[in-house]
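The values are calculated or read from the model by the stated rules, or taken from the named source; none is laboratory data. What you are looking at is a predicted structure, and each value in this text was computed from that prediction instead of being measured. Neighbour counts are summed over all protein chains in view; Cβ atoms, including those assigned to glycine, are modelled from backbone coordinates with ideal geometry. What goes into the accessible areas is simple: the full protein's heavy atoms, side chains included, and nothing from ligands, DNA or RNA. Shrake-Rupley method; radii C 1.70, N 1.55, O 1.52, S 1.80 Å.
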Amino acid sequence: MSEYKLELVDISKSYGKKVIFENINLKIKKGEFFVILGPSGTGKSTLLKAITGTVPPDSGKIILDGNDITDTPINRRDIAMMFQSYALYPNMSAYDNIAFPLRMHHIDKKEIDRRVRSTAKMLKINDIIDFNVTKISGGQKQRVALARAIVRHPAIFLLDEPLSNLDARIRYTTREELKNIQRMLKQTFIHVTHDQSEARVLADRVAVLNEGKLEQVGTFDEIYNYPVNTWVGDFVGTFPMNFLQEARNKTRQIGFRPEWTRITKKGGINAKVLSVENISNTAFLFCSVPGSAKPVVITSRRQYSVGDKINFRISRFNVYEKGRLVRKTGTAAKKARHPLHKTR
Ligand SMILES: Nc1ncnc2c1ncn2[C@@H]1O[C@H](COP(=O)(O)OP(=O)(O)OP(=O)(O)O)[C@@H](O)[C@H]1O
Ligand SMILES: [Mg+2]
């Protein structure tokens, strides 16, 4: 038996001359909550459709539970997918929508009823289950679609932006529920999103997809702390990673997160506060720094005002050479002298 639930081996897909994704290699472990994170239009949905078989890849292999399913017909792949656009059957009740995949598989009526009701209960839609799906709210539709995907006990679940149509409050609670459901079912989930807070909260591991290319695969913390290149550093994080050119080396950049800095009385780097954003107890100061075209974001416990002149030190940083990570500095190296600090 394979230790992996799903393996994508060198899969590629183009529409005409347009490459959607190219040579994707991924190994997803059993029982893993795996998140594919990427901006809009980078091929996330197409990648999921390739796994289900609705959009077969041009080349490469798809292995499920150690078996090559690349040429297996869609209806014989043991995969449940929840589409980005719910795709509920209109003029059917929520109950019938959820029961549909079970009826397709000719499961016994009593067993269908038992499973539909227990799934609906788990997702807290048992009170609307007899309603026509055109009469229920967006959040409820989304839960019905989710129930329809999980009712069948498939080998793997693919969820395409399942939370994106919910308002912020419901999104947070549903996100927690989704994580609990996955823990309860102990099944492998592949969840696609452009929202990095979903990746942070839900994922055991994250794959960052950019224009059909896998940039980095790892835990959210690994990716946040050690982005493999400046693109990932810029994309991941509430604020982009700061990049400053090294003084003596034009191809080298120092990359650091806002919270890897501290304000000092003198020395360090001179900066001027351009704007301030407060998140809980921390002030995020957007600063202009000589030699940097983009504002640098640093954190402070104390409040500063726009126009204030400050000095800060970088306590932790990564080194990027021509945009690629070449050196990591962990918390252990907090006292490391920084090439941008003024000696005094
Ligand atoms: N049937 C198709 N024919 C031609 N191009 C397509 C087709 N389907 C998708 N594309 C293109 O492939 C690219 C990737 O689309 P895809 O839907 O996979 O992106 P996505 O990452 O899921 O985006 P979003 O976050 O907006 O859902 C887009 O440029 C899209 O226009
Ligand atoms: Mg999509």
Could you tell me whether any residue of the range 87-101 is assigned by TED's automatic domain parsing to the domain that holds residue 156, within 30 Å of residue 212 (Cβ to Cβ), within 16 Å of ligand 2 (Cβ to nearest atom) and not hydroxyl-bearing (Ser, Thr, Tyr)?
yes
First in the range 121-140 and free of Cβ contacts under 8 Å to residues at least 12 places away in the same chain, second anywhere and open to solvent by 60 Å² or more (accessible area, probe 1.4 Å), Cβ under 8 Å, 6 or more apart:
126/117
Over the range 120-176, the set of residues within 17 Å of the chain's Cα centre (by Cα), among the charged types (D, E, K, R) and closer than 25 Å to residue 47 by Cβ is 160, 161, 171, 175
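Is it fair to say residue 85 is touching a residue at least 12 places away in the same chain (Cβ under 8 Å), out of contact with any strand residue (DSSP E or B) (no Cβ under 6 Å at 6 or more places or on another chain) and assigned to a loop (DSSP other than H, G, I, E, B)?
no
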Can you confirm whether residue 144 is buried (at least 20 other Cβ atoms within 10 Å of the Cβ), in the same structural domain as residue 85 (by TED's automatic domain parsing), modelled with pLDDT of 85 or more and within 16 Å of ligand 2 (Cβ to nearest atom)?
no
Tally of residues being near ligand 1 (Cβ under 9 Å from one of its atoms) and in contact with a Phe, Trp or Tyr (Cβ under 8 Å, 6 or more places away or on another chain) across the range 13-37:
1
Within the range 25-46, can you find the residues that are closer than 22 Å to residue 234 by Cβ and aliphatic (A, V, I, L, M)?
35, 36, 37
I'm trying to understand the selection: among the residues of the range 184-220, which are of a type in the set (Asp, Glu) and under 23 Å from residue 244 (Cβ atoms)?
215
For residue 38, the lone unmet condition from (1) at pLDDT 95 or above; (2) of a type in the set (Gly, Ala, Ser); (3) over 16 Å from residue 160 (Cβ atoms) is (3)
Within the range 88-119, of all residues that are part of a loop (DSSP other than H, G, I, E, B) and within 32 Å of the chain's Cα centre (by Cα), the one surrounded by the most Cβ atoms within 10 Å (Cβ to Cβ) is 88
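Sort out which residues of the range 235-259 are of a type in the set (Asp, Glu) and open to solvent by less than 50 Å² (accessible area, probe 1.4 Å), and write them in order of number.
Listed by number, the list holds a single entry, 246.
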